[in-house]
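Derivation of every value follows stated rules applied to the coordinates shown; laboratory data play no part. Please read these numbers as outputs of a predicted model, since none were measured by experiment. Ideal geometry is used to build each Cβ from the backbone, glycine not excepted, and the neighbour counts take in all protein chains shown.
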Amino acid sequence: TPPCGSWQALRTAGRVMSSPGAIDTAVAYCQKNQWPLLSQALTYCWSNEFLDVFRQYFRDHASDFRGMKVGMGSSEHSLEQHAVFQEYLQLYEDRLSEYIESQLGGSSKEFYEELADAKDVQARDPESCDAGTALFIECLVASADYDSFYKVGRALVEAGGIRAGCWAGS
């Protein structure tokens, strides 16, 4: 499971990335590797401007996960839950693409090429990869995974919903 595939992992990721200098170090690493879109997307995706959209989305849809057991094999998932995931995925893609295109002047294709290159570098030499950049990549990939989405939604229900300032350590 990717590290951002659970409620606790998201909180941990948020604490790691909110530590002094973590984002700056990751941005510098991306810039050194000539991944300008990835470096700016990293900063944006860890910002409250971006995260608040998804905090609210999970708040609005928490009831869709009530009564479900933790673990993918524990309960059958409804078509409504799958539709909520598809809507979330579209929102995520739209927000990220809009930022990349309107604010950075890049394209989604260029961003995903940089992301693929960063993943290749990380796979070839994990020790050389900045920890914050690696965490961002893993969280980005987990954000498009239904199992991770489900685990976060389910954990939020168990935690009593999303309270202000508790998702991603902010």
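What is the sum of charges around Phe50, taking Lys and Arg as +1, Asp and Glu as -1, for the other residues whose C-beta is under 11 Å from the C-beta of Phe50? Summing Lys/Arg as +1 and Asp/Glu as -1 gives -1.
Starting from the Cα of Lys32, draw a straight line to each of the aspartates and glutamates and keep only those under 14 Å, dropping any in the same chain fewer than 8 residues away. Correct list for Lys32: Asp24, Glu114, Asp117, Asp130. Semi-axis lengths, largest first, of the ellipsoid equivalent to segment 26-150 are 29, 17, 12 Å, with √(5λ) applied to each eigenvalue of the Cα gyration tensor.
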